[in-house]
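Asks: Take a look at the following structure, please.
The values are calculated or read from the model by the stated rules, or taken from the named source; none is laboratory data. Since we're looking at a predicted model, the values are computed, not measured. Every residue, glycine as well, gets a Cβ built from its backbone with ideal geometry; the counts of neighbours run over all protein chains shown. Side chains are part of the model used for accessible areas, which takes the heavy atoms of the whole protein and leaves out ligands, DNA and RNA. Shrake-Rupley method; radii C 1.70, N 1.55, O 1.52, S 1.80 Å.
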Amino acid sequence: MSAKNIVVLVSGGGTNLQALIDAQKNGELGCGKITCVISSKADAYALTRASDNGIKTRVLVRKDYSDIASYSKAMRDALLEEKADLIVYAGFMTILDENVCDAFQNKMINVHPALIPSFCGKGFYGLHVHECALEKGVKVSGATVHFVTAECDAGPIILQKAVEVLEGDTPESLQKRIMQEAEWKILPKAVQLFCDDKITVKDGKTIIK
């Protein structure tokens, strides 16, 4: 199996990026290596995490582009320049258009803080996901790693992990537990499966060898 270049897209603190960096240090990303981190914000702490670990960084500020099409084109060009084999959304807050999704079909993955198809789609990000889950009174929530398509949160599901909702949970406490018990575990695992050529997509569903 050939080595694969992983490019991680970030917008904020980079806790999911840190989980990937830690997994890489432990030899848990298979044939993959994080070669670049690209941020949509110049002051994202995720950039510091990358630099501290000797990983190349780039900044593509969304506000510098007039619309999503021009931003997506710039991102596509950057990803091609970085020879990305796998692109990981790790708290990346911009939806890219088909310019990028078509160029990297089934090569872009995202972690979503709920069990898709629940609490997903446009507008469902950050604490809002957990607020909605608690309002609905669900007994379990969790996280989903899926391939990215031009339609928000609609790509083939790779891995899911359930997390129990506890009496007295707040959106913040639920968010934290889902990160620790689900996101930080299944995101590196999905990356490893991809980099070791263990995932195929058929009829919109993934098959894991």
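Asks: Within the bounds of the range 42-56, is there any residue that is open to solvent by 20 Å² or more (accessible area, probe 1.4 Å), within 24 Å of Lys198 (Cβ to Cβ) and modelled with pLDDT of 95 or more?
Replies: No, the range 42-56 has no match at all.
Asks: OK, next. Can you find even one residue in the range 174-184 that is under 15 Å from the mean Cα position of the chain (by Cα) and closer than 23 Å to Leu96 by Cα?
Replies: yes
Asks: From (1) more than 20 Å from Ile21 (Cα to Cα); (2) open to solvent by 70 Å² or more (accessible area, probe 1.4 Å); (3) in a helix (DSSP H, G or I), pick out the condition that doesn't hold for Gln175.
Replies: Unmet for Gln175, out of (1) more than 20 Å from Ile21 (Cα to Cα); (2) open to solvent by 70 Å² or more (accessible area, probe 1.4 Å); (3) in a helix (DSSP H, G or I): (2).
Asks: Among the residues of the range 67-79, which ones are open to solvent by 40 Å² or more (accessible area, probe 1.4 Å) and either among the β-branched types (Val, Ile, Thr) or closer than 16 Å to Lys33 by Cα (or both)?
Replies: Ile68
Asks: Tell me the residue from Glu135, Glu167 that is outside any loop (DSSP other than H, G, I, E, B), surrounded by fewer than 16 Cβ atoms within 10 Å (Cβ to Cβ) and either in contact with a Gly (Cβ under 6 Å, 6 or more places away or on another chain) or on the phi < 0 side of the Ramachandran plot (or both), please.
Replies: The unique qualifying residue is Glu135.
Asks: Would you be able to say whether some residue in the range 114-128 is touching a strand residue (DSSP E or B) at 6+ places or on another chain (Cβ under 6 Å) and part of a strand (DSSP E or B)?
Replies: No, the range 114-128 contains no residue that is touching a strand residue (DSSP E or B) at 6+ places or on another chain (Cβ under 6 Å) and part of a strand (DSSP E or B).
Asks: All but one of (1) more than 14 Å from the chain's Cα centre (by Cα); (2) buried (at least 16 other Cβ atoms within 10 Å of the Cβ) hold for Gln18, so report the exception by its number.
Replies: The failed condition is (1).
Asks: Mind checking whether some residue in the range 192-201 is open to solvent by less than 70 Å² (accessible area, probe 1.4 Å), touching a Pro at 6+ places or on another chain (Cβ under 7 Å), under 26 Å from Val7 (Cα atoms) and in a helix (DSSP H, G or I)?
Replies: No, because not a single residue in the range 192-201 is open to solvent by less than 70 Å² (accessible area, probe 1.4 Å), touching a Pro at 6+ places or on another chain (Cβ under 7 Å), under 26 Å from Val7 (Cα atoms) and in a helix (DSSP H, G or I).
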